[in-house]
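Please treat every number below as a calculation from the coordinates, not as lab data. This one's a predicted model, so the numbers in the text were calculated from it and none came from an experiment. We place every Cβ from the backbone using ideal geometry, glycine too, and count neighbours over all the protein chains shown.
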Amino acid sequence: MASQSHAAVRAAADGLSEKDDISLVDVLTLAEASIRSMKSFIDSLDSKVYDEFREIAQYIQKTKSEIGHLQANDLRSKHIPEAGHELGAVVSSTEEATTKIMECAEAILEADTSDADAYQQLVNDKVMIIFEACSFQDLTGQRIAKVVETLEHIEARVTRFAAAIGAEDIQGDASEKEKKRNKRKKDLILNGPAKKGEGVSQDDIDALLNG
Amino acid sequence: MAVDLSMPVLVVDDYKTMIRIIRNLLKQLGFSDVDDAADGTEALGKMREKRYGLVISDWNMEPMTGYELLKEVRSDEGLARTPFIMVTAESKTENVIAAKKAGVNNYIVKPFNAATLKSKIDAVFGE
């Protein structure tokens, strides 16, 4: 369609160049051919821009829908605080149990052994308290399972969102706070406890120190 | 050189439970004068008030870490010769090398037992 219009303009222009006497009709013919040619170009341009805008609108709609599926407000107001409370409770209960166990051990170590019966009774009582204190393990196991469930919930939503918008990772820190924390970790070599199988053993450390 | 069980020992850790564990282990080993501090800053303050025969410190504490405390101690003329044992969960090679360069006398990785603590104290004092 566009090439036909261009050909018409060219033919009209060639016709004029061959004539010595150019009439108003010739000029109007050329102008009409030119306008027709431009119209098809503008029409094709309109359609292309329209398609692009439609694609952008669809992408925005899809992204909006995916943001909704992310349930960011629910994560921020419910799941993440709940996981934090569970972990706080784990720290408290393990500390409480450890303190109880240590108190019992200290009492046994410091007990008067001159009266064998009384000493036996004290040891039995303290050992029973130690057994009771060890029940924290069951509760902490359940609390940690809830935290793992929350992490899986977040992972599923973030994964879906990242895939839907074709997210690519940008290196760097998300905030000044994170930047400072990461710099401190790097400068002061704060790696934290090693995972099982990672890190060096006490024997390796001794060899490094003495080597 | 025999370990002097009457020498003051400073235990530095931000976890009260760990301080209690180390205190009890030291008590079982025969040490009677044991103080504690919750981080490097508090430890440094105590070290400038009282002469300690041994410092047993965690690495990961805030605001001042055990690593920073070690470097401060080694750069302070009055404290530089204080024996220093790091007791920490930081068990990467780079941590051990950094502590060695900073002048640590021994390095114990958590979790540890009484026998390890005793052997490292003995090694520091050449037993």
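Here are a few things to note about the model shown:
- Contour minus Cα-Cα distance for A:V91 and A:S44 (0.36 nm per residue): 10.2 nm
- Per residue, the average separation of C-alpha pairs within less than 8 Å and at least 6 apart gives chain A a relative contact order of 20 percent.
- Exposure proxy for A:E96, A:E66: other Cβ atoms within 10 Å of each Cβ, ordered fewest to most, give A:E96, A:E66.
- Taking the range A:2-62 and dividing mean pair separation by its residue count, relative contact order in percent (alpha carbons under 8 Å, at least six apart): 41 percent
- For the range A:78-113 and the range B:64-127, distance of Cα centres in Å: 28 Å
- For the range A:71-167, the relative contact order is 43 percent, taking Cα pairs closer than 8 Å that sit 6 or more residues apart in sequence and dividing their mean separation by the residue count.
- Whether the range A:11-150 is rounded, prolate or oblate, judged on the alpha carbon gyration tensor where a/c under 1.5 counts as rounded: prolate
- When each of A:K179/B:K16; A:K62/A:K195; A:K78/A:K126 is checked by Cα-Cα distance, pairs over 32 Å: A:K62/A:K195; A:K78/A:K126
- The calculated FRET efficiency for B:A38 paired with A:A162, based on their beta-carbon distance and R0 = 51 Å, is about 0.80.
- Scalar couplings 3J(HN,Hα) for the range B:66-83, obtained by applying the Karplus form with A = 6.51, B = -1.76, C = 1.60 to θ = phi - 60°, are x, 5, 5, 4, 4, 5, 4, 4, 5, 8, 9, 3, x, 10, 3, 8, 5, x Hz; x denotes Gly and Pro.
- Computed over all pairs of different Cα atoms, the Kirkwood value for the hydrodynamic radius of the range B:9-124 is 13.9 Å.
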